[in-house]
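Note sheet for the following structure.
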Amino acid sequence: MSQIAFIGLGNMGIGMATNLVKAGHKVIGFDVSAKARDSALAAGCEVVTDIKEAVKSVDAVIMMLPNGKIVRSVCADIMSVISSEVLVIDCSTIDVATARDMIATASFKNIDMIDAPVSGGVGGASAGTLTFMCGGSEEAYLRAESYLNVMGKNIFHAGDAGNGQVAKICNNMLLGIHMIGTCEAFNLAEKLGLSAQKFYDISSTASGQNWSMTSYCPAPGPVESAPSNRNYEAGFTAAMMLKDLRLAQDAATTVSASTPLGSKSEAMYASMESANKDSLDFSGIMKLINGSL
Ligand code: NAD
């Protein structure tokens, strides 16, 4: 069993760290928040208040942090302390450029590092069923697999450094777009006199079928487990979706890729933020479309 430093024990990190503990690993947790550290202690982690203390004499460091700026600063702290035998896995969703920079910096010090952002949300983190999208060398990926298998169900090697982030933001850009399209279709159907249930029955077996419709239907009724049936309580918040859409737009600019629907989706989720409704589930974009925001 390994000794692992887990940095960032928030909504996602705590479930992931708990699963590593349950699998028999020794987990040393670090978070700037005392509340997060207390939860980690209760979950069976050892907890320290100095990041350098957390990473000394571990086999691997796993990060689950809010953004690229914080990942950069944490990497600067840990890279000066760890030896080249330590594997670094960054599971945070961050910009592609930072992910590539950090892995290049690690490689310069002969440290194996991968970007490994996830999908599956807080439920997937605590159930150990996350999907991991990994970028980095084959060797680093193979070393990480045994840890990722404890925290997730579907593990993909997407290619070189940063490609995990590429997969994540492209997937979530597509998700944002088809969620908005699905809302538009249900709203129009209803206004024209076709019930949500009847439209669902037809479209879910026709060519309009998509994940936003069948797993997460933004119109209340057809999919019982969907947030639309609990007043759009998150789930995956509109704020998280906006974060990912912004990352996608920033990345698109760097390579002059045309993403008109991604750009429009970003603007619509930004309207939810301006209306202070971004703590709703991202399927709550239905409220913007049907005028009830
Ligand atoms: P969160 O805000 O709940 O947790 C982040 C944690 O990092 C917090 O506990 C915070 O105190 C800690 N932190 C901040 N700065 C730190 C530092 N310098 N050193 C140590 N700890 C620090 O966020 P979350 O929901 O757990 O998300 C984490 C990452 O996972 C984000 O990149 C997010 O985009 C991604 N993600 C989240 C979800 C989701 O559904 N919540 C789904 C997929 C991906």
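GNM on the chain, C-alpha springs below 10 Å: top fluctuator among Ala158, Ala42, Ala144?
Ala42
Express the Stokes-Einstein translational diffusion coefficient of segment 223-289 in µm² s⁻¹, to the nearest whole number, given a Kirkwood radius over alpha-carbon pairs, 37 °C and a viscosity of 0.692 mPa s. Present the calculation step by step, with values, prior to reporting the outcome.
Details: Rh = 12.3 Å.
Rounded to a whole number, D works out at 266 µm²/s.
Stick to Cα atoms and the Kirkwood definition of Rh, then tell me Rg/Rh for segment 3-160. Let's see the in-between values first.
Values: Rg = 13.8 Å, Rh = 15.0 Å.
My calculation puts Rg/Rh at 0.92.
Can you tell me how much longer the chain between Glu190 and Asn229 gets when fully stretched, taken as 0.36 nm per residue apart minus their C-alpha distance, in nm with one decimal? Could you put the intermediate results ahead of the total?
Details: separation 39, 0.36 × 39 = 14.04 nm, distance 1.67 nm.
Roughly 12.4 nm would be gained on extension.
Over the Cα atoms of the chain, each weighted equally, I'd like the Debye log10 I(q)/I(0) at q = 0.08, 0.11, 0.14, 0.15 Å⁻¹, rounded to two decimals.
Ignoring solvent entirely, the Cα scatterers give -0.37, -0.67, -1.01, -1.11.
Pull out the extension gain between Ala42 and Ser73, defined as 0.36 nm times the separation in residues minus the alpha carbon to alpha carbon distance; nm, one decimal.
Contour length minus Cα-Cα distance gives 8.4 nm.
List residues of segment 128-155, by number, whose backbone nitrogen lies under 13 Å from a label position 7 Å along Cα→C-beta of Asp59.
143-150
What's the FRET efficiency of Asn11 with Ser215 using the Cβ-Cβ distance as r and R₀ = 25 Å, to the nearest 0.05? Don't skip to the end; give the middle numbers.
Details: r = 21 Å, r/R0 = 0.83.
After rounding, the FRET efficiency stands at 0.75.
Picking from Ala34, Ala140, Ala76, which is most flexible by a Gaussian network model of the chain using Cα springs under 10 Å?
It is Ala34.
Hey, what number do you get for the chain at 222 nm if only DSSP H runs of n ≥ 4 count, each worth -39500 (n - 2.57), divided across all residues, to the nearest 500? If you can, show how the numbers build up before the last one.
Numbers: 13 runs with 148 residues, N = 293.
Taking each H run of at least 4 residues, the total per residue is -15500 deg cm²/dmol.
For Ser2, list long-range residues whose amide hydrogen, built 1.01 Å from N in the peptide plane, is under 5 Å from its own amide hydrogen.
Lys26
Given springs between every Cα pair under 10 Å in a Gaussian network model of the chain, which of Gly13, Gly24, Gly162 has the largest fluctuation?
Result for the chain, Cα springs under 10 Å: Gly24 fluctuates most.
Using Cα-Cα distances under 8 Å and only pairs 6 or more residues apart, what relative contact order does segment 3-160 have, in percent?
Across segment 3-160, relative contact order equals 20 percent.
Per residue Cα convex hull volume for segment 166-289, in cubic angstrom? Don't jump to the answer; show the numbers that get you there.
Values: hull volume 12.6 nm³, N = 124.
In segment 166-289, the Cα hull volume divided by residue count equals 102 Å³.
Here, each number is a calculation from the coordinates, and none is a lab measurement. None of these values were measured; they are calculated from a predicted model. A quick note on method: Cβ atoms are made from the backbone with ideal geometry, for glycine too, and the neighbour counts reach across all protein chains shown.
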